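Chemist: Encoded as structure tokens, here's the structure I'll be asking about.
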Amino acid sequence: MRVLNKKNIITFGIIVAVFAVVQVLITMKIINAFYEITLATICINIILAVSLNLVTGFTGQFSLGHAGFMSIGAYVCALISMNTDSTFGFLIGIFAGAIAAALVGILIGIPTLRLKGDYLAIATLGMAEIIRVLFLNMEITNGAAGLSGIPRNTNWTWLFVFLMATIILINNFIRSSHGRACISIREDEIAAESMGVNTTKYKVMAFALGAFFAGIAGGLYASYFYFIKPNVFGFMKSVDVLVIVVLGGLGSISGSVIAAILLAVLTTFLQQFTEVRMIIYAALLVAIMLFRPQGLLGTKEITDMFKNKNTEKIE
Amino acid sequence: MPLLSVEKLTKSFGGLTAVSNVNMHIDKGELIGLIGPNGAGKTTLFNLLTGVYVPTSGSIKLDLNGSIKELGGLKPYDVTKSGLARTFQNIRLFKDLTVLDNIRIAMHQNVGYAMPSALFRSNKFYAEEDRMKLEAEQLMDIFKLSHKKNELAKNLPYGEQRHLEIVRAMATKPVLLLLDEPAAGMNPNETAELTKTIAQIRKEFNLTVLLIEHDMSLVMKICERIYVLNYGMMIASGLPAEVRSNKKVIESYLGEDISDASNKKS
């Protein structure tokens, strides 16, 4: 098994260490209940941002409908775990939600992904609105009042497991031949087609994969905050995720992670200045975009900084 | 049966017929030139052959060791899979990717693992990635791009970008290579270098080449047969020497002979 190489084992060690440190901080109550909510938001936002980055940053398909896929995951997971209140039910719910989101992604992706740029953005925005209105009008989802009393089966451990799984799987995808095919679509669609890349197939593949992980994020959200209603997954949620992706850098996974953490910390910190909070937040975003239009990391990854340029190895 | 046979190929855009009733055939191993004045329909013909446009009528048949395949109406990626690869008149590299990645993307159609293998990094994934990297490196060695493999495509000098386009097309393992003005914008040195490369490709890969070119010194020197297109119609074909002295060809490039015209009057 070549997956068990030195580099991957070291990475795994670092991941376990990060998990342990945070777990100790939670047990010692240094991270209190309030900060734990921020922590959960960060994890969910990272999953959303990394999965949207796959669609928008790597494949170059501008999507404004990510909250729609998230809501599918959230509702499916909520309904299933409300019927089977156990960790097992929660896991079934989260995967069922993710698969449902991916299927909707394929269904919507096939007709809309022939559009480009702003046209695609409008189409995906419309799609997310349709999903939201459906949830608003369905009986099983309890309409505008939403679902409450969803069993809380998730905690820091589950959040972290799903977060890491998302990052690792999407990273693996990007660094494979299939991922490169997706990136080639962003670079030059006509050339990609002429080099034998079935562009429709890979756009839909990226879209479905992005939707799958957005569904997981939705399931985690429903389970952690035990209350969901359609308005949570409105247009603004999609924009929030897009802001993280653009801020971190289109085409940088670690950029999305850093931006999600940064924005969450910033929001928490700015809560002391209630009146001017949103003004400062917006002004900071404008400033960052003016001075770093390519985002914090551009298309680079944090790990590139430690890598010798001429000794690229696939591990 | 020739490798590629084009019969009565026509493409109209509304009222404009960009390519009309074109017949041509290319035998295995030949190096064919396609020339014509600006706007004659050469690139449109290329786009028809490679699936970018769907023909209005006519057929394009490719002979793959006896089994004949109709290419008209296929998607570009299916045409590439059948064994046609092309370069572009205005360079279309994946600019923000490295030379190595540019080549590996062209190899993707032959990749031997599926998406789940990529997600979970199976042994097959590693084996295939190693193979692709090795093959890409061999190609880069042949075309003297090895020292630039981690350079971004946009940072290469112009001549090397044109070169990389050819290498990238080669990575799809074509039987027929279509080059759209490979020498455009090159200085005489670079053109000479390119001439050598094309000759080398044919020898080492046993390839058939169709090229569009305006640089007549290049065309006359290396092409074995030439087709001439004007106003979307095939006006002449034959050996370079024949084409060069063909009256219709001279007229299409230079206009009608004035002395001829005045002679007729008197």
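The numbers here are math on the coordinates, done by the rules we state, and not lab data. Quantities reported herein were computed from a predicted structural model and do not represent experimental measurements. Neighbour counts run over all protein chains shown; Cβ positions are idealised from the backbone, glycine included.
Chemist: Among bridges DSSP assigns within the protein assembly as shown, what percent are antiparallel (round to 5)?
Modeler: The antiparallel fraction comes to roughly 60 percent.
Chemist: Relative contact order, percent, of the stretch A:32-241 when contacts are C-alpha pairs under 8 Å separated by at least 6 residues?
Modeler: 44
Chemist: First check a/c for the stretch A:32-241, with a ≥ b ≥ c the square roots of the eigenvalues of its C-alpha gyration tensor; if it is under 1.5, answer rounded, and if not, answer prolate when a/b is larger than b/c or oblate otherwise.
Modeler: prolate
Chemist: Connecting C-alpha atoms closer than 10 Å in a GNM of chain A, tell me which of A:GLY149, A:GLY251, A:GLY109 has the biggest fluctuation.
Modeler: A:GLY149
Chemist: Which whole number gives the average, over all residues in B:143-156, of C-beta atoms from other chains lying within 10 Å of the residue C-beta?
Modeler: 1
Chemist: To continue, here is another question. What percent does the relative contact order of the stretch A:1-133 come to when contacts are Cα pairs within less than 8 Å and at least six residues apart?
Modeler: RCO, the stretch A:1-133: 25 percent.
Chemist: DSSP H helices in chain A with Cα extent of 18 Å or more along the helix axis and mean Kyte-Doolittle hydropathy at least 1.6?
Modeler: Helices meeting the span and hydropathy rule in chain A are A:6-27, A:33-52, A:87-112, A:156-174, A:235-248, A:253-270, A:277-291.
Chemist: How far, in nm, would the chain grow between B:GLU151 and B:LYS81 when pulled straight, counting 0.36 nm per residue and subtracting the alpha carbon separation?
Modeler: Length difference between fully extended and current span is 22.4 nm.
Chemist: Quick check on the exposure proxy: order A:TYR119, B:TYR227, B:TYR126, A:TYR75 from fewest to most C-beta atoms within 10 angstrom.
Modeler: Lowest count first: A:TYR119, B:TYR126, B:TYR227, A:TYR75.
Chemist: Within 10 Å of each Cβ of B:118-129, how many other protein chain Cβ atoms are there on average?
Modeler: The per-residue average across the peptide is 5.
Chemist: If you don't mind, another one. For the pair B:SER59 and A:THR84, how long in nm is the line joining their label points, each one 7 Å along Cα→Cβ?
Modeler: 5.7
Chemist: Moving on to the next point. At a 10 angstrom cut-off on C-beta neighbours, averaged per residue, how do the peptides B:13-19, B:98-104, B:24-30, A:244-250 rank from highest to lowest?
Modeler: The peptides rank, most packed first, as A:244-250, B:98-104, B:24-30, B:13-19.
Chemist: Here's a follow-up. Compute the FRET efficiency between B:TYR158 and A:PHE19 as 1/(1 + (r/R0)^6), taking r as their Cβ-Cβ distance and R0 = 60 Å, and round to the nearest 0.05.
Modeler: 0.75
Chemist: Build a GNM of chain B with springs between Cα atoms under 10 Å: which of B:ALA136, B:ALA85, B:ALA236 gets the top mean-square fluctuation?
Modeler: B:ALA236
Chemist: Skipping prolines and chain starts, which residues have an amide H placed within reach, meaning under 5 Å, of the one on B:VAL19, given they are 5 or more residues away or on another chain?
Modeler: Excluding prolines and chain starts, which carry no amide H, the hits are B:LYS11.
Chemist: Considering only A:PHE88, B:ALA114, B:LEU194, whose Cα is most displaced toward the positive end of the charge dipole of the protein assembly as shown, charges sitting on Cβ of Lys, Arg (+1) and Asp, Glu (-1)?
Modeler: The one lying farthest along the dipole's positive direction is A:PHE88.
Chemist: Quick check on the stretch A:180-297: take the gyration tensor over C-alpha atoms, sort the square-rooted eigenvalues as a ≥ b ≥ c, and tell me if it's rounded (a/c under 1.5), prolate or oblate.
Modeler: Oblate, since a/c reaches 1.5 and b/c is not below a/b.
Chemist: Pairs B:LYS8/B:LYS95; A:LYS7/A:LYS201; A:LYS203/B:LYS95; B:LYS11/B:LYS221; B:LYS8/B:LYS247; A:LYS201/B:LYS42: which exceed 27 Å Cα-Cα?
Modeler: Too far apart for the 27 Å limit: B:LYS8/B:LYS95; A:LYS7/A:LYS201; B:LYS11/B:LYS221; A:LYS201/B:LYS42.
Chemist: Still on this structure: With a 10 Å cut-off between alpha carbons and a GNM built on chain B, which of B:PHE46, B:PHE120, B:PHE205 moves the most?
Modeler: B:PHE120
Chemist: Moving to a separate point now. Tell me, B:ASP130, B:ASP180 in order of fewest to most beta-carbon neighbours within 10 Å?
Modeler: Ranked by crowding around the Cβ, least crowded first: B:ASP130, B:ASP180.
Chemist: What is the fewest-to-most order of B:VAL228, A:VAL104 by other Cβ atoms lying within 10 Å of their Cβ?
Modeler: Ranking B:VAL228, A:VAL104 by Cβ neighbours within 10 Å, fewest first, gives A:VAL104, B:VAL228.
Chemist: Straight-line reach from A:LYS229: which lysines have Cα under 16 Å away, leaving out those fewer than 8 places along the same chain?
Modeler: A:LYS237
Chemist: In addition: Tell me, what HN-Hα J-couplings in whole Hz come from the Karplus equation 6.51 cos²θ - 1.76 cosθ + 1.60 at θ = phi - 60° for each residue of the stretch B:5-10, using x for Gly and Pro?
Modeler: Taking θ as phi minus 60°, the curve returns 10, 10, 10, 6, 6, 9 Hz for the stretch B:5-10.
Chemist: Still on this structure, I have one more. Quick one: of the DSSP bridges fully inside chain B, what percent are antiparallel, nearest 5?
Modeler: Expressed as a percentage, antiparallel bridges in chain B total about 60.
Chemist: Right, next: To the nearest 500 deg cm²/dmol, what mean residue ellipticity at 222 nm is calculated for the protein assembly as shown from DSSP H runs of n ≥ 4 alone, each contributing -39,500 (n - 2.57), summed and divided by the residues?
Modeler: The helix-only estimate for the protein assembly as shown comes to -18000 deg cm²/dmol at 222 nm.
Chemist: Assuming 0.36 nm per residue, please report the length gained on full extension of the stretch A:PHE34 to A:LEU284 beyond their Cα-Cα distance.
Modeler: Taking 0.36 nm per residue and subtracting the Cα distance, the gain is 87.6 nm.
Chemist: Tell me whether the protein assembly as shown comes out rounded, prolate or oblate; compute the Cα gyration tensor, take square roots of the eigenvalues as a ≥ b ≥ c, and use a/c under 1.5 as the rounded threshold.
Modeler: prolate
Chemist: Under 8 Å for C-alpha pairs, at least 6 residues apart: give me the relative contact order for chain B, rounded to a whole percent.
Modeler: After rounding, I find 26 percent.
Chemist: Taking the Cα centroid of the stretch A:73-136 and of the stretch B:185-203, what is the distance between the two, rounded to the nearest whole Å?
Modeler: 54
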